[in-house]
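Coordinate-derived values only; no laboratory data. This structure is a prediction, so every number in the text was calculated from the model and none was measured. Here the Cβ positions follow ideal geometry from the backbone for every residue, glycine too, while neighbour counts run over all protein chains shown.
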Amino acid sequence: MAHHVSKYGLLMLLVLVFIAFSVAKPGQFDTWDNVKYTFDQQTPVIIGGLAILIPLLTDSIDLSVGANISLGNILLAVLTTNHGVATPVAVATAIATCTGVGLINGLIVEKMQVTSFVATLAMATVLSGIGLAVSHSADILTVPATVRSMVRPEFIGLPLSIYYGIVCGLIVALVLRYLPVGRKLRAVGANPRAAALTGIRPGLYRIVSFALGGTLAGIAGVVITGQFGSATAAGTANGMLLPIFAAVFLGSTAFTPGRINVLGLFVAALFLAFVSSGLVLLGAPLWLSPVINGTALILAVAQSSWALRIRARHFRIQQLKELEREETAASAQAAPK
């Protein structure tokens, strides 16, 4: 029972929260429009979470994801609005630029031996300045309709943005589970020395993880531009960093407790969003939402650490039992007949 609760507890909480707020605010919270709107608004958080998740697999952290998403948002808006660049070209440029930012992060961490925490925190500050320079410190209030049409139209009752998030999540999940690169990324994060002894190059895979994270950040920036139809010079997504981390680490408490996973990220993002929207409908103050996100992040990290310690202890117990069985068998064979 404890095993199933630890795996599916977050999912059960999501269902209970939805039922509780539906009872408290019938006809408002439990509507399809509210569910669709919540999922739509969480799509950049989910894609941004994927951008953080991949470097985390290699035991690295990317604190520049929010600023990188904002840079993609600003670049796409500036290129299409101020310079008349075709939307497909502008989208490709924004994503490629964000990928380049991730690649630079990886090179700084590996080649210059700067810790990922410091390197990406500094990069976030640099990107904020670049965003101001690119936009000339002016907000762009309206982007061309072609940009919005990539995200806002609905297909089978859902905005296209939601499908982008689902597709990104499926691709990342399949790569991590079934392709060698996914297993190697996990191996680097679990034990870099052991991975190197098997022929894996930990440094290369860390660089790749940052670059892939940058690509996903660029996609999130494109989605935000289409959703909002605008871009702020100060960075639209800069305030998303805490909700993104909260969703990633809270998701690591579900399905595979102690390990970050894509499905847990989706469930955690929706859980936090439903809690926030439900409290708003009940008249709770706006300051409560960041308090919830911060508290969730602290509890999620603590829970993940606890789960890892439990798993390590269980592994040691199994090893001791195996050694005892081997010693018993050896003693039985050596005993005189």
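In the Gaussian network model of the chain, springs joining C-alpha atoms below 10 Å, which of Gly129, Gly221, Gly27 carries the largest mean-square fluctuation?
Maximum fluctuation in the GNM of the chain, among the listed residues, is at Gly27.
Two decimals is fine: what is log10 I(q)/I(0) at q = 0.08, 0.10, 0.11 Å⁻¹ for the chain, from a Debye sum with one equal scatterer on every Cα and no solvent?
Taken in order of the listed q values, log10 I(q)/I(0) reads -0.42, -0.63, -0.75.
Gaussian network model of the chain, Cα springs within a sub-10 Å range: biggest mean-square fluctuation belongs to which of Val188, Val101, Val248?
Val188
On a 0 to 90 degree scale, rounded to 10, what angle separates helix 2-24 from the longest Cα axis of the chain?
That works out to roughly 30 degrees.
Which of the lysines could be linked to Lys36 by a straight reach, that is with a Cα gap under 18 Å, when you skip same-chain ones fewer than 8 residues away?
Cross-link targets: Lys25.
Using the alpha-carbon centroid of each, what span in Å lies between segment 226-247 and segment 69-146?
Each part reduced to its Cα centre gives a spacing of 13 Å.
Would you order Ile108, Ile219 from fewest to most other beta-carbon atoms within 10 Å of each residue's own beta-carbon?
Ascending number of Cβ neighbours within 10 Å: Ile108, Ile219.
How far is it, in nm, from the label point at Ala234 to the one at Ile19 when both lie 7 Å from their Cα along the line to the Cβ?
The answer from the label model is 4.2 nm.
As a check on your grasp of the helix formula, calculate [θ] at 222 nm for the chain: sum -39500 (n - 2.57) over DSSP H runs of n ≥ 4, divide by the residue count, round to the nearest 500.
Taking each H run of at least 4 residues, the total per residue is -26000 deg cm²/dmol.
5 Å is the cut-off here: which amide hydrogens, built 1.01 Å from N in the peptide plane, fall below it relative to Asp30, excluding neighbours closer than 5 in sequence?
none
Label His136 and Val280 with points 7 Å out from Cα along Cα→Cβ: what is the distance between them in nm?
3.3 nm
Taking the chain as a Gaussian network, Cα atoms linked when under 10 Å apart, which of Ala237, Ala86, Ala273 shows the biggest mean-square fluctuation?
Comparing Ala237, Ala86, Ala273 in a Gaussian network model of the chain, the most mobile one is Ala86.
Considering segment 1-90, what Rg and Dmax in Å follow from its alpha-carbon atoms?
According to the Cα coordinates of segment 1-90, Rg and Dmax are 19.3, 60 Å.
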